[in-house]
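The values are calculated or read from the model by the stated rules, or taken from the named source; none is laboratory data. Remember, it's a predicted structure, so these values are computed and weren't measured experimentally. All Cβ positions, even for glycine, are placed from backbone atoms using ideal geometry, and neighbour counts span all protein chains on display.
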Amino acid sequence: MKHKIKNTELEKRIFISYFLITFFLVILLLLIEWQVASWGINLYEETNMKSNLTEFDIALNNESLRMLGAVSAFTDLDQVIKAAVKKDSLQIGSIAKADLDNLTICDRERNIWYGIQWGLINKYLPQIYQRASQNKSGSFVASYGKRSYLISFSPCDTKTDSSELLSIFIVSKKIELENFNLRIFHKYALLPYEDELNFSNIPEIVSFSNRIMSSILLAQETKQSTVLKKMNLEYAVALSIFYDLQDNPSGFFLVVYQRFVNSFIQQSILVFVLILLASTLVMVTFFGNWFSRSILAPVKNVSSKMKEIASNPADLEILEKQYSGVLGDMVDSFNVMNIALANHSKSLLEYKIITDNIDTGIFWLDDNLNIQLCNPSFLKITDSPNMDEIIGENLSEILGLKLKIKEKIIEGNNTFSSLKISTKTGNQKFVILNIRAELIKDNTRFFGTITDITKETSAIKAKETLEMELIKSNKLAEIGRNVEGIVHNLNSPLNSILGYSQLIKKGDKSIKDIDKIIEAGINAAHIVKGLLDKVKKSNASMVHPIDVNDLIEHELDLCNHNLFFKHYVILEKNLEKDLPVINAVYGDISLCLANILNNAFDSMKNSPVKNLFVHTRQEEGNICIEIEDTGEGIAEENMSKIFETYFSTKKNRSGSGFGLGLAISKNIIEKYKGEIKVSSQLKAGSKFTIILPRV
C-alpha cells in the first residue's frame, strides 16, 4: 500500500511537471507569436510612412529635374552664351522670359549681373562655384525666412575654351505643397529649418515638439535624411530632412500617421491569444493525466534502470518485460543495450588495467596537440600532479619544448629519439616520443607514447666521459714521459756546449761570435727548463689555485717554439690585472689552452691576415679567457659538431687531426662547472671563450 502511495505521488509530480512545462511552453510560443505580430505591424507602419515620404521625394525630384533640365537647355543656346559673354541683360531677359522665372546669373567674380540681389543666393555662391568649376550642375533645397526654396544651377562656358568659366545660371522656386498634387491621406506639412520648429498648425503632435526636435538633432549628427518616430498608440511622425550645399538641414517634410487601425489589431490579437491560452490549458489538463499514467510512469521505470547501469555498467541486470507495443520494444532494446554495455565495460576495464600498469606513458591529443587523455605513467614521466591540471594543456608546454612538434609530424617525423625535455618541476629528462595521427569523424586526433630513457642516456654519457678521461690521461702521460726524456737528453749536451763556449771565450777574448753561441745556449736552456716545469706541473694532478694570466703567459712563451707562430703571427694580448685565481689542475687548463691555440695556428696558415688576440677579464663572478684568430673560420653546418669526439675539420685540409682536442677541452671545462662558447665566420676567423668560476 505504501509503495502504491509513493507511485501515486510520483505520477502527480510528473503530471504537475508536465503541466508547468507545457504551460510555460505555450506562454513562450504566444510571446513569440506576439512578437512576430508586433514586428509585422511595425513593418507595415514603417512601410506606409516611408511610402508617404517617398511620394513627396519623387515629386520633389521630378520638379528638381524639370528645373535643372530647363536651365541646362537654356545654357546650351548659342545666343545665351553670346549674351553671357557680353553681359547683355536685355537679350538674356528676352530669351529667358518664356521658360525661366526667378533667374539669376553670376559672372566669374561672383557678381550678380542679372536677377535680384538677395541673401539666399549670396550664401551659397562659394559652394555653387566650387561645383561649377568642376563643370557640375545641381539642385538643393534652402530655407529663407519662413519659406523653403528649390534652387537649381548650371555653369556656362565658351565653346573655344571649356576650362574658362564665364557664368553661373541659377533658378529658384518656392516650394508649395499644393503644386505637387500629392495623394497622401494623412496630415502633412513643409517646414523651413528653424532652431525651434513650430507645429501649431498640427495640433495632434504639438505636445511632442521636444521629442521630434531631439530626433532631428540626432539625425543631423549622423547625416540621416529620414526619421520615423512613434509618439504614442495613436500617432506616429515621419520626417524627410533636406540638406543644403553646406551639409546643414534646410527644411523638413513632415507626415502625421494615425495608428488607430493598428491599435485595434493589437487588441484583437490579445483577445485571440487569451482565448487560445485558455483552450490550451484545458487540453493540457485532459491529456496530461493520460500521458502521465500511460507513458511517463513506464518511461520513469526504464530511466531509473538506466541510471543504475550508468553508475555501474558491468553490473548486468535484465529488465522484466511488462509492456507491449512501443514500450515493449523499448524494453527489449534496453536489455540488448545493457548486455552490450556490460561486455564493453569489461573490455575497457581490462585495457585500463594494462595501460595503468605499464611504464610507458600513453596519451591522446586533439588537432592542436592539447592533452585529452593520458595514463598514470605519463603523469609520472612529466612530473604532473594530477590529470585534471594537464587536460587541455599543450604537449610542447608540458614537456618544455621549443620544438614545433606538429610541423615535424606533418613533415613525416613521427618518432623523436633521445629528446631532452624540461618538466614544470625543473627536472631535465631524456625521452623517446612517438606520435601518430588518426582521422575520427572528419577530425584529426593524435595519439602517442613517451618512454623515459634518462638513466640509459646518463649511463651512455658517463661511459663517454670516462673514455674521454682515459684518452686525456693516456695522452698527457705519454706526452709527459716523452718530453721529460727529451729534456733530460738535451740538458747534458747543452751544458757541454755552454761550458766549452765559456772556456773558449776565456782563453781567447778576441773571438766575438762566441757570445752569440753562449746567448743561444742560454735561451735554449731557458726553453728546456720552462718545458720541464710545464711537464712537472701538468703531471701533478692536484687541484690548487692557478693564476690564469701566468698560465697564459707560459703557454704563449712555449708557442715561440712554433716557427709559424714566431715568424708569421701577430699577437695582441690584453690581460686584465689583479685577476682572481681559479682552483683547478694546472695540466687540465694548460691542455685546453694548448688545444685551442694550436687549432688557431692551423686555421691561419692559409689566411692572408694572421692575427691572434688573447684577452682575459672578469664577468659576473667568472673568469673569461678569449682566444680569437683571423683564420678560415668554421662552416655553419659544423658548429654543432666541433665538440664531438673524433670530429675534425683538419682531415679535410691536411689529413691530420683525430678530433679529440676540442672534445677533451670541453669535457675538462665542464668538469670545473665552466663553459666554452664559440662564434665563427667563414673566411673571417673564430673566437673561443672559456668561462671558469673564480675562487
inquiry  = When you check Glu109 against the structure, is it of a type in the set (Asp, Glu), modelled with pLDDT of 80 or more and either more than 23 Å from Ser148 (Cα to Cα) or not assigned by TED's automatic domain parsing to the domain that holds Phe253 (or both), yes or no?
reply    = yes
Flagged pairs (Cβ under 7 angstrom, 6 or more apart or on separate chains; first in the range 160-171, modelled with pLDDT of 50 or more; second of a type in the set (S, T, N, Q)) are Glu164/Thr158; Leu165/Ser133; Leu166/Thr158; Phe169/Thr75; Phe169/Ser154; Ile170/Thr104; Val171/Asn102; Val171/Ser152
Practice task
Return a yes/no flag: does the range 52-75 have any residue that is closer than 22 Å to Leu120 by Cβ, surrounded by 15 or more Cβ atoms within 10 Å (Cβ to Cβ) and in contact with a Cys (Cβ under 7 Å, 6 or more places away or on another chain).
Solution key: yes
For the range 671-690, pairs from a residue that is assigned to a strand (DSSP E or B) to a residue that is among the acidic types (Asp, Glu), with Cβ under 7 Å and 6 or more apart or across chains, are Gly685/Glu628; Gly685/Asp629; Ser686/Asp629; Lys687/Glu626; Lys687/Glu628; Thr689/Glu626
Is it fair to say Thr649 is hydroxyl-bearing (Ser, Thr, Tyr) and touching a residue at least 60 places away in the same chain (Cβ under 8 Å)?
no
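Can you name the residue in the range 380-419 that is under 20 Å from the mean Cα position of the chain (by Cα) and modelled with pLDDT under 75 and, of all such residues, is surrounded by the fewest Cβ atoms within 10 Å (Cβ to Cβ)? I'd like the intermediate steps shown before the answer.
Taking the range 380-419 and keeping what is under 20 Å from the mean Cα position of the chain (by Cα), we get 392-397, 401-407.
Imposing the further condition that a residue be modelled with pLDDT under 75 reduces the set to 402-407.
On the way: Lys402: 6, Leu403: 14, Lys404: 12, Ile405: 21, Lys406: 18, Glu407: 9.
Across the range 380-419, the extreme among qualifying residues is Lys402.
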Log entry, pairs with first residue in the range 442-470 being modelled with pLDDT of 65 or more, second being loosely packed, with under 12 Cβ neighbours inside 10 Å, beta carbons closer than 6 Å, six or more apart or on different chains, reads Thr444/Asp367; Arg445/Glu438
query = Given the structure, is Arg66 in contact (Cβ under 8 Å) with a residue 12 or more places away in the chain, under 29 Å from Tyr243 (Cβ atoms) and not small (Gly, Ala, Ser)?
reply = no
Reported set for the range 92-143 where residues are in a strand (DSSP E or B) and under 60 Å from the mean Cα position of the chain (by Cα) is Gly138, Ser139, Phe140, Val141, Ala142, Ser143
Among the residues that make up the range 10-29, is at least one of them basic (Lys, Arg) and modelled with pLDDT of 80 or more?
no
Given (1) in the same structural domain as Ser167 (by TED's automatic domain parsing); (2) crowded, with 18+ Cβ neighbours inside 10 Å; (3) on the phi < 0 side of the Ramachandran plot, Gly115 misses just (3)
Considering only helices (runs of 4 or more DSSP H) wholly within the range 538-631, the ones with at least 1 residues that are under 15 Å from Gly674 (Cβ atoms) are 548-559, 586-604
